[in-house]
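Q: Pasting a structure here, questions to come.
The values are calculated or read from the model by the stated rules, or taken from the named source; none is laboratory data. These figures come from a predicted structure and were not determined experimentally. Using ideal geometry, Cβ is built from the backbone for each residue, glycine included, and neighbour counts are taken over all protein chains shown.
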Amino acid sequence: MKFMKLFRRLKGIGWGVHPADHKRPAADAPVRAMPVSARLYLPLQQHLGGPARPVVLVGQKVRKGELLAEAQGAVSAPVHAPTSGVVVAVTEVAAPHPSGLTLPAIILEADGLDEWTELRGCDAPFALSAAEIGRRVAAAGVVGLGGAAFPSAVKLVGAARARVAALVINGGECEPYLSCDDRLMRDSAPAIVDGIRLMLRATGAGRALVGIEDNKPEAIAAMRAAVAGIGAVRIHAVPARYPMGSEKQLIQVLTGIEVPADGRPADIGVIVHNVGTALAVRAAVREGKPLISRLLTVNGRCANRPGNIEVRIGTLAEEVIAFAGGLKGDGLGLARRVIGGPMMGVQIPHWRVPVVKGTSGILALDATEVDGIAGRETAPCIRCGSCVKACPMGLLPLEMSARIRNGAFAEAIPFGLKDCIACGCCAYVCPSHIPLVQYFAHAKGELAGQERDRLRAEATKKMARQRQERVEREAREKAEAAARRKAGRAAAAGKQGEPACFNPRPD
Amino acid sequence: MKNKPLHPGAAVEIRSAPHVKAPRSVEQIMRNVVYSLLPICGFFVFQYGISAAFSIVAITASCLATERFFVKTGTQSGSLSDFSATITGILLALTLPPGFPLWMGAVAGFIAIALGKALFGGIGFNVFNPALVGRAFVQAAFPVAIATYTPSFLPGRFGEFIPSSLAWPLMVPADTVAWLHAKQLDALSGATPLAKWKFDGILASAGELLSSMSGHMAVGPSPVLIILCGVYLALRRFMDWRIPLAIVGSAGLTAWILFAIDPHSYPNPFFMLFSGGLILGAVYMATDMATSPVTPGGMWVYGALIGLLTVLIRYYSGLPEGVMYAILLGNAATPLIERITQPTPFGKSGLLSPKRRATYPLHPEYISREEANAVTPKKKSFKPGKKS
């Protein structure tokens, strides 16, 4: 057994990639808090699930922390005012999305006072029931701050119902360039541990495993110091390997259990939360503060002063960059604007998009970083197998892309198209520069569309069949009713002793 | 779009993630393989003199010209600058006798690229190793010339061609045996160690085989040198170490078993491994990316198959050398090997070991996945280590 463990350690993880992480110097610079902008743009959908419904009117004065839009549906999260001011419009703003399409949003004009609304905190949060903690987290609009932005309360309550055994806290931050979680763990380790203990209380899980990549020794030391004496929370240094921060991979490394391919972590008694989320949960429960700001990383070779910045939700990326120190040469060498990390983040066409709850980074990348090597022309696949070795899901990206290129989307499924997590490892290592992730995203979209069409056709067919049946039934009923009436008349005529017709025995 | 300033309002090219790339390209991989081949070529020329040098140059030039023709006419993907045709040419030259007529070498180079590569659509699409396709063709077309080896370290090898090298196209090459006789050398020393063992029952010693430094014996490039170059490639991750290791292991094991059964009729496994082209084939030919499996499990199966076939062909067929056909057969089996060794996707390996099995801690209120009609598809394929 020991031999096997040693062997596994020598063998390494066996999946993933390790890009140059570019986390320093941004990670070592102290956090800067950005002052409130004059106008904040708050999309109603900053999370997975249903969009929030506005509960304020244009012209209404709101205070910091006041509810602007309430959760709508089972999976949703409310939006709060990040500062005090006046609602100037409920309209559409550009979404932080490559399409540049708009999203419904509330525009808030700050009054500069930044005064809090009344907060309902709690001094003894561990006396609260699990359900009450869940309610407070939901009311504070806390979502997963790692990037997926899934409403945290839904996860916590669901975990309590599924009786999870362990809570996995994701401090991996495997994306290159980003260092906001690293910074949070270095600066507020005790608060994060407090938040983790509240999550344990809310889920009923017995222990929490915190996985931190071993390229963040300061964060590991700070977290270890903060958990001293707390038996339920354990800090584990995990190998720095992208995508360690992916839920299923982190669980596998920390617990040795693979989440079933078509299952969720709760199926094996585990849920995963981000360290930033733990901090937000603590603020929500202890102080009653809603999620109105977040820490994000401004980085990239074009950024003048890379670093981590505390930003109010709704601030435009443009203003964040200006506050961070602007772009080198006024953005002349800028090759790509990215929201999120460089491996899974989205490219945006312009900087005039707001920071939302899930924004973990704003990257200004120059041509040398984007290209890696000169030129990006796609060459034919030489079947080198790099993508197979890099894939953390054990798929065959080259086989899938070959089929997708031919338009045979369904044929890619046996090679694992539906298990693909779009982490980008395959496209990162590909020496032929094949945009594999793009192929997979395209194929998934096409398959989803085909599935939708099939369902629609089935629904139409079903409706047509039902109509046919209804028409037949009505005709039959009409005929039966007519026959009954006829029989009734005949019976009545028979009673009166008059022959109704030539038939002596009408039926 | 590169290096052009992008201002708001200017056209922006939107790309999907990832936004960073590993600094590696096909051209870089192939270039490094060529670099690693240079010491081997140098040694080959040192052994056989200008005939070997001209053979390498002529065959490589023929490969490049053919590649250029097919790329220009648009019937083949890829570009000339990717060095893949250079590798094909050099490898082909290293597998042919140094005194192989140059025009036959040019034919081999043309066949290698035209039939081995362009026919399938160019780089990455070929089913068989192009260099071996070329060699197989000339083995069938010119059986005498390809079996005529000259001893290495001949005096005056840098000033004089082996006469057969300069044969006119379609003419009978000069008689090498007569030439050797004139030089007062035994014609037998012009046979490869494998041929000597096969037809005369003479075994070469280990030192001679490993270094290829002993004079007057027809041997290919030094196995030690090839292994060193292979280690360089494997360490820099330009080659997968599994395939050579599997071939050497499998060939060695097969030869050892046969040797243990009957030490009189079979040579020792050491001789098997380091004579002939086994090491060159294992390190450079079988590892050709396009024609070998991409799955880690498949690489072991593929290597084991080639090693086994090599020994079997050498022992039980009329040919002294079996590496070429073994690798070509391995290439043909690659799609099949890949299919049966497809890696298990994450989360579908519940059967592999109890430790990795997913468990479902259920309690009365929880709807099980089975009750919810969730199905985990079962993979019908061979799994290494699976107990049935």
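Q: Evaluate the following for A:Thr368: is it part of a loop (DSSP other than H, G, I, E, B) and among the polar types (S, T, N, Q)?
A: Working: part of a loop (DSSP other than H, G, I, E, B): no; among the polar types (S, T, N, Q): yes.
No: the conditions fail for A:Thr368.
Q: Looking at (1) part of a loop (DSSP other than H, G, I, E, B); (2) out of contact with any helix residue (DSSP H, G or I) (no Cβ under 7 Å at 6 or more places or on another chain), find the lone condition where B:Thr287 falls short.
A: All conditions are met except number (2).
Q: Hey, another quick one. For A:Lys248, which of the numbered conditions (1) in contact (Cβ under 8 Å) with a residue 60 or more places away in the chain; (2) within 14 Å of another protein chain (Cβ to nearest Cβ); (3) not in a helix (DSSP H, G or I) fails to hold?
A: Going through the list (1) in contact (Cβ under 8 Å) with a residue 60 or more places away in the chain; (2) within 14 Å of another protein chain (Cβ to nearest Cβ); (3) not in a helix (DSSP H, G or I), A:Lys248 breaks only (3).
Q: Oh, and also: Got a sec? Which of A:Asn308, A:Asn304, A:Asn299 is touching a residue at least 24 places away in the same chain (Cβ under 8 Å), among the polar types (S, T, N, Q), more than 8 Å from chain B (Cβ to nearest Cβ) and surrounded by fewer than 24 Cβ atoms within 10 Å (Cβ to Cβ)?
A: Details: A:Asn308 fails: surrounded by fewer than 24 Cβ atoms within 10 Å (Cβ to Cβ); A:Asn299 fails: surrounded by fewer than 24 Cβ atoms within 10 Å (Cβ to Cβ).
After ruling out the rest, the residue left standing is A:Asn304.
Q: Determine the pairs where a residue that is in the same structural domain as B:Gly303 (by TED's automatic domain parsing), located within segment B:235-249, has a partner that is among the β-branched types (Val, Ile, Thr) and buried (at least 17 other Cβ atoms within 10 Å of the Cβ) with Cβ atoms under 6 Å apart, the partner being 6 or more residues away or on another chain.
A: Matching pairs, first to second residue: B:Phe238/B:Ile29; B:Met239/B:Thr287; B:Ile243/B:Thr287; B:Pro244/B:Val283; B:Ile247/B:Ile306.
Q: So which helices (runs of 4 or more DSSP H) are wholly in segment A:377-434 and hold at least 3 residues that are more than 9 Å from chain B (Cβ to nearest Cβ), more than 25 Å from the chain's Cα centre (by Cα) and more than 18 Å from A:Gln249 (Cα to Cα)? So that I can check it myself, show each step before the final result.
A: On the way: elements: A:386-390, A:397-405, A:425-429.
Answer list for segment A:377-434: A:397-405.
Q: Report the residue count in segment B:17-45 for those that are aliphatic (A, V, I, L, M), more than 8 Å from chain A (Cβ to nearest Cβ) and in contact with a Pro (Cβ under 6 Å, 6 or more places away or on another chain).
A: Here is the first cut: in segment B:17-45, the residues aliphatic (A, V, I, L, M) are B:17, B:20, B:22, B:26, B:29-30, B:33-34, B:37-38, B:40, B:45.
Next, only the ones that are more than 8 Å from chain A (Cβ to nearest Cβ) stay: B:30, B:33-34, B:37-38, B:40, B:45.
Now drop any that are not in contact with a Pro (Cβ under 6 Å, 6 or more places away or on another chain), which leaves B:40.
Number of matching residues: 1.
Q: Output the residues belonging to segment B:16-41 that are crowded, with 17+ Cβ neighbours inside 10 Å and not in a helix (DSSP H, G or I).
A: B:Ser16, B:Ala17, B:Pro18, B:His19, B:Val20, B:Lys21, B:Ala22, B:Arg24, B:Ser25
Q: On to the next question. Take the conditions under 27 Å from B:Ala195 (Cα atoms) and within 21 Å of the chain's Cα centre (by Cα) and apply them to B:Gly105. Does it pass?
A: Numbers: under 27 Å from B:Ala195 (Cα atoms): yes; within 21 Å of the chain's Cα centre (by Cα): yes.
Yes: the conditions hold for B:Gly105.
Q: Also, I was wondering about something else. Got at least one residue in segment A:325-332 being in contact with a Pro (Cβ under 7 Å, 6 or more places away or on another chain), at the interface with chain B (Cβ under 7 Å from one of its Cβ atoms), at pLDDT below 90 and over 30 Å from B:Met289 (Cα atoms)?
A: As a first pass, look at segment A:325-332 and keep what is in contact with a Pro (Cβ under 7 Å, 6 or more places away or on another chain): A:332.
With at the interface with chain B (Cβ under 7 Å from one of its Cβ atoms) added as a condition, the list becomes A:332.
Now drop any that are not at pLDDT below 90, which leaves A:332.
When the remaining residues are screened for being over 30 Å from B:Met289 (Cα atoms), the result is A:332.
Within segment A:325-332, one or more residues are in contact with a Pro (Cβ under 7 Å, 6 or more places away or on another chain), at the interface with chain B (Cβ under 7 Å from one of its Cβ atoms), at pLDDT below 90 and over 30 Å from B:Met289 (Cα atoms).
Q: Then there's this: A:Leu279 is checked against (1) aliphatic (A, V, I, L, M); (2) under 21 Å from A:Leu42 (Cα atoms); (3) assigned to a helix (DSSP H, G or I); (4) within 19 Å of the chain's Cα centre (by Cα) and fails just one. What number does that condition carry?
A: The failed condition is (2).
Q: Given (1) modelled with pLDDT under 95; (2) hydrophobic (A, V, I, L, M, F, W, C); (3) in a strand (DSSP E or B), identify the lone condition not met by A:Ile362.
A: (1)
Q: Among (1) within 14 Å of chain A (Cβ to nearest Cβ); (2) outside any helix (DSSP H, G or I), where does B:Leu233 come up short?
A: Only one criterion is unmet by B:Leu233, namely (2).
Q: Right, next: If only one of B:Pro155, B:Pro97 is outside any helix (DSSP H, G or I), away from chain A (no Cβ under 14 Å), of a type outside the set (D, E, K, R) and crowded, with 23+ Cβ neighbours inside 10 Å, which one is it? Quick ask: steps written out before the conclusion?
A: Details: B:Pro155 fails: crowded, with 23+ Cβ neighbours inside 10 Å.
Unique residue meeting the criteria: B:Pro97.
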